[in-house]
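Okay, so here's the structure we're looking at.
The values are calculated or read from the model by the stated rules, or taken from the named source; none is laboratory data. Please read all numbers here as calculations on a predicted model, not as lab measurements. Cβ placement follows ideal geometry from the backbone for every residue including glycine, while neighbour counts extend to all protein chains displayed.
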């Protein structure tokens, strides 16, 4: 699994002093020479802050799962999963709603980080994803099979 890269920009009086990138799961900030991010300021303590990168990811994951279960419960209460056809329709609507909500939350988080001075984008996927011709062909065939099955089955 790839490590998350967190970049810290240090400012003094509105001027950028340094930019440090860290790939640790837990980032220690302070005057201590063993800190991942050293702060040379007498006002900072030896271990000024500890930032757990994974906690943000877990928080977003559990917010997404809570959203998923809330929508699913609402659909069930409205007879959204009464039959096979209704279940397929509700599952598609559930996937669309959760995708839309997660995209909106990511956008709001990006706006919040931009308001706090983060200049780079919030990278969630690699820019270039390699795909083979066999994978693309299998994906197209699978989608075509789903479309045909949805038209043939009542």
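Numbers for the structure displayed
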quantity: Failed item, numbered, when residue 16 is tested on (1) surrounded by 13 or more Cβ atoms within 10 Å (Cβ to Cβ); (2) in contact with a strand residue (DSSP E or B) (Cβ under 8 Å, 6 or more places away or on another chain); (3) at pLDDT 80 or above; calculated: (1)
quantity: Qualifying positions in the range 32-53 - surrounded by 15 or more Cβ atoms within 10 Å (Cβ to Cβ), over 17 Å from residue 113 (Cβ atoms) and in contact with a strand residue (DSSP E or B) (Cβ under 7 Å, 6 or more places away or on another chain); calculated: 35, 36, 37, 39, 44, 48
quantity: Among the residues listed as 94, 99, the single one being under 27 Å from residue 153 (Cα atoms), part of a helix (DSSP H, G or I) and more than 16 Å from the chain's Cα centre (by Cα); calculated: 94
quantity: Matching residues, the range 6-36, being farther than 22 Å from residue 46 by Cβ, without any contact (Cβ under 8 Å) to a residue 60 or more places away in the chain and part of a strand (DSSP E or B); calculated: 15, 16, 19, 21
quantity: Residue in the range 45-67 that is assigned to a helix (DSSP H, G or I), within 30 Å of residue 151 (Cα to Cα) and within 19 Å of the chain's Cα centre (by Cα) present; calculated: no
quantity: Residue selected from the range 54-100 under the condition free of Cβ contacts under 8 Å to residues at least 12 places away in the same chain and either closer than 30 Å to residue 22 by Cβ or in contact with a strand residue (DSSP E or B) (Cβ under 9 Å, 6 or more places away or on another chain) (or both), by the criterion surrounded by the most Cβ atoms within 10 Å (Cβ to Cβ); calculated: 56
